[in-house]
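As structure tokens, the structure follows; a few thoughts come after it.
The values are calculated or read from the model by the stated rules, or taken from the named source; none is laboratory data. A quick note: this is a predicted structure, and the numbers were derived from the prediction, not measured. Here the Cβ positions follow ideal geometry from the backbone for every residue, glycine too, while neighbour counts run over all protein chains shown.
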Amino acid sequence: MGDWRDYLKPDGDSLMRIKKRRGMLVDAVIVSDSEHVGKSNDRSLEQLTNAASLPGVVGEAWGMADFHQGYGFPIGGVVATDIENGGVISPGGVGFDINCGVRLCSIDLGLEDLVHLTRKKSGSGSKEFGNRLKGRIPAGESGKGGFELSPHELDDILSEGAKGAAEIGIGHDDDLSRMEMKGNLDGDASSISEIAKRRGLSALGSIGRGNHFLEIQVVDEIIDEGAARAFGLEEGRLTAMIHTGSRGLGYQVCSEHVKELEGRYRHHGGVWESEDWGISISDPQLASAPFFSREGESYFEAMRSAGNYAFANRNCVTQSLRGALKAHMGTEVDVDVIYDVCHNIARVEEHVVHGSNCNCCVHRKGATRSFGGDSDELSEEFGGVGQPVLVPGDMGTSSFVMSGPKKGTNQAFGSSCHGAGRAMSRTQAREEIDGAKVKRELREKGIAIYETHEKYLSEEAPDAYKDIDDVIRLTDRAGLARPVARLRPLIVIKG
């Protein structure tokens, strides 16, 4: 197909466009400029143009400022299909870690309390806070060692998400209003296979490996005082950012449905065709089903249930954080949820597309909602402010809290970036970056890292990621979200 960079043209402030061509049904738009678009040498632009050819696609296919290559869809991709007019749903447009997302919590401690968290407590068997956290929160690939659920408790969580978790003592009811969709995706436990359920029975409260983490941070700078006040952010106060998803349960759900859907397509004339549905796709990794088909509805139900597990998982990690703080400080420390957002999910939403109302299936893969302050889906405390948008950086640089518009919906189906975005593949990072050196350099910056395997630090090194300041600036200038506060990492728990 050639290099899609050859067709990129500037399209306003911090936006670039590829006009529809070669099977594309809509244009592709990326949040970038000529200075940044050429830095990545992966297949992400090709993937975005492939997504722009999905049956029923409407509007534009979007790549956020942190976009990079993924499975089928680019990570940082946003694509909507018109489900009333043949639109499809694609597991590749959600990803394997269903409802991977970020939760930000405020901690009722200030930077002056950090000394209490970074030194050992007196007494036998004492440990500093980072080791205490690492000991309480399982991390790594296995997904074992978490909160042990009974099959009945797991079914409640799959059906009700964070609410079901709170009812068995994992999380607080007060947290629900500060979670996207109140932490409940209307799941159905019967939509999940027994294999997937087995993978979820002992993984709750774990953070996985790779770019998943728990960070203790400090609010380093307030940029938008009004929004920061509404969100509960105060300069100099400590926060905790939790990045994890549905673990092996979600991976199993995606794998099962991808395998079933890929089997419906045959390669013919340069495209992949499904005789059953009379539709074609550009890449088998985009295997899709009409939204209202049996297969489409089956995946959507299972995806929602797996997404509920992810909400409950972040609930459980939060409870472990609360317990670790109490054990370390010798007294209760208030830990309140500021917000919890999905960034691997498909949702049915009403949008206006080219002047007409559309009942859309919006795929956000490595992208988060960025809804306006007048949205009916937000709690009243965000009225006139906008939805909190949580944007973690790499483990050596700042993270940001952003906000959706004060009213209305941005042009990217109410979406924004979800992180710094990879600049190197994991393989390239392992080959070029020394993980032990990364750990030393972070320690010199005052950042304490607690990892399961030092060898993985090279994959997550700051040099392996885009510049978070550039991502925030591009997102702001494109009008998708505005910066509210900057958070600086202090203690990082990694898989």
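Restricting attention to the range 213-240, the residues being at pLDDT below 95 and more than 21 Å from the chain's Cα centre (by Cα) number 0. Taken over the range 297-327, the criterion of being in contact (Cβ under 8 Å) with a residue 40 or more places away in the chain and among the basic types (Lys, Arg) is satisfied by Arg304, Arg314. Only residues that are over 27 Å from Gly414 (Cβ atoms) and basic (Lys, Arg) were counted across the range 312-342, and they come to 2.
Residues that are touching a strand residue (DSSP E or B) at 6+ places or on another chain (Cβ under 8 Å) and outside any strand (DSSP E or B) within the range 374-389 comprise Phe382, Val385, Gly386, Gln387, listed in sequence order.
When you look at Phe413, is it of a type in the set (Phe, Trp, Tyr) and either closer than 29 Å to Glu128 by Cα or in a helix (DSSP H, G or I) (or both), yes or no? Here the answer is no, as Phe413 does not meet what is asked. Does at least one position in the range 71-92 carry a residue that is modelled with pLDDT under 95, among the charged types (D, E, K, R) and either farther than 17 Å from Ile281 by Cβ or under 14 Å from the mean Cα position of the chain (by Cα) (or both)? Among the residues of the range 71-92, not one is modelled with pLDDT under 95, among the charged types (D, E, K, R) and either farther than 17 Å from Ile281 by Cβ or under 14 Å from the mean Cα position of the chain (by Cα) (or both), which makes the answer no. For the range 102-129, the candidate set comprises residues that are of a type in the set (Gly, Ala, Ser) and modelled with pLDDT under 90; within that set, the residue that is nearest to Ile345 (Cα to Cα) is Ser126. One residue stands out in the range 336-358 among those that are of a type outside the set (Gly, Ala, Ser) and in a loop (DSSP other than H, G, I, E, B): the one that is surrounded by the fewest Cβ atoms within 10 Å (Cβ to Cβ), namely His354.
Just one residue in the set Lys407, Lys439 is assigned to a loop (DSSP other than H, G, I, E, B) and basic (Lys, Arg); that residue is Lys407.
Scanning the range 381-401 for residues that are within 21 Å of Lys466 (Cβ to Cβ) and in contact with a Leu (Cβ under 8 Å, 6 or more places away or on another chain) returns Leu390, Met395, Gly396, Ser398, Ser399, Phe400, Val401. Does Ser398 satisfy being touching a Ser or Thr at 6+ places or on another chain (Cβ under 8 Å), among the hydroxyl-bearing types (Ser, Thr, Tyr) and either touching a residue at least 60 places away in the same chain (Cβ under 8 Å) or more than 27 Å from Asn359 (Cα to Cα) (or both)? Criteria not met by Ser398.
Scanning the range 351-374 for residues that are in contact (Cβ under 8 Å) with a residue 24 or more places away in the chain, of a type in the set (Gly, Ala, Ser) and over 16 Å from Val401 (Cβ atoms) turns up Gly366, Ala367, Gly372. The requirement of being modelled with pLDDT under 95, part of a loop (DSSP other than H, G, I, E, B), more than 14 Å from Arg247 (Cα to Cα) and among the β-branched types (Val, Ile, Thr) is satisfied by Ile170. For the criterion of being buried (at least 21 other Cβ atoms within 10 Å of the Cβ), in contact with a Leu (Cβ under 8 Å, 6 or more places away or on another chain) and within 24 Å of Met179 (Cβ to Cβ), Ser415 passes. Here Ser202 clears all of (1) at pLDDT 95 or above; (2) surrounded by fewer than 22 Cβ atoms within 10 Å (Cβ to Cβ); (3) over 21 Å from the mean Cα position of the chain (by Cα) except the condition numbered (1). Restricting the range 293-335 to residues that are polar (S, T, N, Q) and assigned to a helix (DSSP H, G or I) leaves a set whose member that is surrounded by the most Cβ atoms within 10 Å (Cβ to Cβ) is Asn313. Within the range 296-322, being more than 24 Å from Asp334 (Cβ to Cβ) and out of contact with any Pro (no Cβ under 8 Å at 6 or more places or on another chain) holds for Glu297, Ser298, Phe300, Glu301, Ala302, Arg304, Ser305, Ala306, Gly307, Asn308, Tyr309, Ala310. Would you point out the residue of the range 446-484, among those that are under 21 Å from the mean Cα position of the chain (by Cα), over 20 Å from Gly414 (Cα atoms) and of a type in the set (A, V, I, L, M), that is modelled with the highest pLDDT? Result: Ile468.
What are the pairs, 6+ residues apart or on separate chains, where a residue within the range 84-97 that is of a type in the set (D, E, K, R) has its Cβ under 6 Å from a residue that is modelled with pLDDT of 95 or more? Sorted first by the residue in the range 84-97, then by its partner, the pairs are Glu84/Asn359; Asp97/Gly245; Asp97/Gly250; Asp97/Asn344. Only residues that are assigned to a loop (DSSP other than H, G, I, E, B), of a type outside the set (D, E, K, R) and surrounded by 18 or more Cβ atoms within 10 Å (Cβ to Cβ) were counted across the range 261-283, and they come to 3.
Per the conditions (1) assigned to a loop (DSSP other than H, G, I, E, B); (2) of a type outside the set (Asp, Glu); (3) surrounded by 15 or more Cβ atoms within 10 Å (Cβ to Cβ); (4) out of contact with any Phe, Trp or Tyr (no Cβ under 8 Å at 6 or more places or on another chain), the sole criterion not satisfied by Thr239 is (1). Screening Val401 on (1) in contact with an Asp or Glu (Cβ under 7 Å, 6 or more places away or on another chain); (2) at negative phi; (3) surrounded by 16 or more Cβ atoms within 10 Å (Cβ to Cβ) shows it passes everything except condition (1). Residues in the range 173-199 that are aliphatic (A, V, I, L, M) and outside any loop (DSSP other than H, G, I, E, B) were compared, and the one that is surrounded by the fewest Cβ atoms within 10 Å (Cβ to Cβ) is Ile195.
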